[in-house]
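Trainee: Pasting a structure below so you can have a look.
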Amino acid sequence: MGYQLGELGRTFRDQMYNVLTGGDGSVPPAKSSFITWCMPGLPYQEADFMFAAQGIGTGATAQEDKLLLQQAFNFASLVDFIPDVTSAYSSERQDGVWRNASGARLSEIYGQILKFSKVIDDQLTDDQKKKLERFRGLLRVTRTVKDIVTEEEKQVTEDSPMLKAYKAGMQAYVAAALAYNNKRIAAQAAVGESGKQAVADWAANAQLYSLQVAAAADDWTSSGYRNDVEEINAYIDQTTEKSMLLWKRNLERFYEEALTSALGPGQSFCYTTVAPGDFATSAGWTNYTMYHQMVDSHSHYETTSWSAGGGLSWGLWSASAGVTSNSSDYSENFQLEDFEMSFDMTQVQIVRPWFYPEFLENRGWDLRKGEGWNYDDMPSDGGTPPKGRFIGYPLQALFIKNLTIRSASLAQAFQAHQSSVSVHASVGFGPFSVNGSYSHSESDQHFHSENDGVTIKVPGMQIIGFVNHLLGKTPNLLDGIDPGQLV
């Protein structure tokens, strides 16, 4: 029996959606999440994340400092986008981010929201103001650094040790939940001889995987200040619904202080990193396997039409100079007689110390068209799917490495397709980069797969998608607040 590439792609998308955002009694499903798939995947080397493990300005030499700064700029630029619920994160949009083209930047729209928002300003007591400042000081700290370009000292705000511990605990919980969901979905979808190991593993070890999730949740609470941070945020949210003016001024200051100059002309960016910083070399990766018989599995996973990653082609395709073109010979209808795919994956938290989504979700502010906000749409209408200028933001990046595809049909099609495109063109399959060249701003690099006619091996790691947090209606002024109270 033959299987179409498109059928395999839909099975993969549904499974990954439930692995990444689904859940059961042991792992509650994620709220307000959707996935944006990359097309193509974004290849990286372990060394590209030295800046995340070390921090910028920590090099032994000026040359190392420049490299760390350039790496930070590259990654911050890459994830500085507002996700689209209707399409994949295509090569054209990726290149547009590098060139600061027409695509809206998350940092730019957020900055405009801060600048032009009208906030409630009922006076707080002195005790409330002091408590707010103390709580904010527990979450963020300000330190003095030297600008590598101007050599002048400047103030920057970053996560406090408490908040860093909170995010590290969250990441450990996410990793345990990812492993649990992956094992659960693999067992549910298992069929035939290939699925016996997944079923046996789940039958013998499900309780252990569940205990790992529970232990990670407990550790997040005991060592990661989970309750403390959430109580602090709850107090800030409740109190600032009465007066947000002081809070907004602080957020504007944090935003301005986060602006960092890279080495190229006009390269200004808001510092962004990942947690954990050493993920590329750590052992916290989960193996995922899918094979063609899963298409016939009776397991069915409900997803909404927009959260399943619409717009992603599962034929072989090539991308060059920011233009993606599908192959007419190897489209989604291409038939395969055999197929098995495996890779290691991990989710990493995207950390933006200057970005406060708590402000966006607060109900004590509004925007007025024509008073600085000159877009036709508000940030989000809260619909399903939502519409607006700022419907959500990338919260986690999905990295994979050691991609292996065992399929004589696909391997031979890949060889034929690769020979028909430019030697410098990237060749992809779904969200995966299989072969070609890629550019991280000013540095061009190449990666190549190994194809023996039966198996395609793609060494190295790449980002294949982002798990995004979906905002509700934004702004969403609290009922009972008189617009005349906003300043």
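Trainee: Hey, among the residues in region 124-148 that are in a loop (DSSP other than H, G, I, E, B) and crowded, with 16+ Cβ neighbours inside 10 Å, which one's modelled with the lowest pLDDT?
Mentor: Ile148
Trainee: Let me ask something else about it. Could you list all residues from region 373-387 that are closer than 11 Å to Gly472 by Cα and not charged (D, E, K, R)?
Mentor: Those that are closer than 11 Å to Gly472 by Cα and not charged (D, E, K, R): Pro379, Ser380, Gly382, Gly383, Thr384, Pro385, Pro386.
Trainee: If the Cβ limit is 6 Å and pairs must be 6+ apart or interchain, which residue in region 363-387 that is over 24 Å from Thr240 (Cβ atoms) and part of a loop (DSSP other than H, G, I, E, B) pairs with which residue that is modelled with pLDDT of 90 or more and of a type in the set (A, V, I, L, M, F, W, C)?
Mentor: Going by the 6 Å Cβ cut-off, there are no qualifying pairs.
Trainee: For Phe399, are the conditions met, namely being under 30 Å from Ala165 (Cβ atoms), of a type in the set (Phe, Trp, Tyr) and modelled with pLDDT of 95 or more?
Mentor: So Phe399 fits the description; yes.
Trainee: Turning to a different aspect of this structure: Could you give me the residue pairs with C-beta distances under 8 Å whose first residue belongs to region 222-235 and is under 12 Å from Lys164 (Cβ atoms), whose second residue is surrounded by 12 or more Cβ atoms within 10 Å (Cβ to Cβ) and hydroxyl-bearing (Ser, Thr, Tyr) wherever it lies, and which are 6+ apart or on separate chains?
Mentor: What qualifies is Gly224/Tyr166; Tyr225/Tyr166; Val229/Tyr166.
Trainee: Going by what's in this entry, would Ala53 be described as in a helix (DSSP H, G or I), at pLDDT 85 or above, surrounded by fewer than 21 Cβ atoms within 10 Å (Cβ to Cβ) and small (Gly, Ala, Ser)?
Mentor: Yes.
Trainee: On to the next question. If you scan region 195-216, which residues turn out to be surrounded by 14 or more Cβ atoms within 10 Å (Cβ to Cβ) and more than 19 Å from Gly284 (Cβ to Cβ)?
Mentor: Gly195, Ala198, Val199, Trp202, Ala206
Trainee: Surrounded by 21 or more Cβ atoms within 10 Å (Cβ to Cβ), aromatic (Phe, Trp, Tyr) and in a loop (DSSP other than H, G, I, E, B), is that true of Phe399?
Mentor: No: the conditions fail for Phe399.
Trainee: Collect the residues in region 12-40 that are modelled with pLDDT under 85, in a strand (DSSP E or B) and farther than 21 Å from Gly472 by Cα, keeping them in residue-number order.
Mentor: Of everything in region 12-40, those that are modelled with pLDDT under 85, in a strand (DSSP E or B) and farther than 21 Å from Gly472 by Cα turn out to be Met39, Pro40.
Trainee: Pairs only if they're at least six apart or on different chains, beta carbon under 6 angstrom, first in region 440-459 and among the aliphatic types (A, V, I, L, M), second at pLDDT 70 or above and in a strand (DSSP E or B); list them, first residue then second.
Mentor: From residues that are among the aliphatic types (A, V, I, L, M), the pairs are Ile456/Ile405; Val458/Leu403; Val458/Val434.
Trainee: Here are some residues: Glu151, Glu92, Glu64. Which one is more than 22 Å from Arg352 (Cα to Cα), in a helix (DSSP H, G or I) and either in contact with a His (Cβ under 7 Å, 6 or more places away or on another chain) or at pLDDT below 85 (or both)?
Mentor: Glu92
The values are calculated or read from the model by the stated rules, or taken from the named source; none is laboratory data. Just so it is clear, the structure is predicted and the values come from calculations on it, not from any experiment. Please note: Cβ atoms are built from the backbone with ideal geometry, for glycine as well, and neighbour counts cover all protein chains shown.
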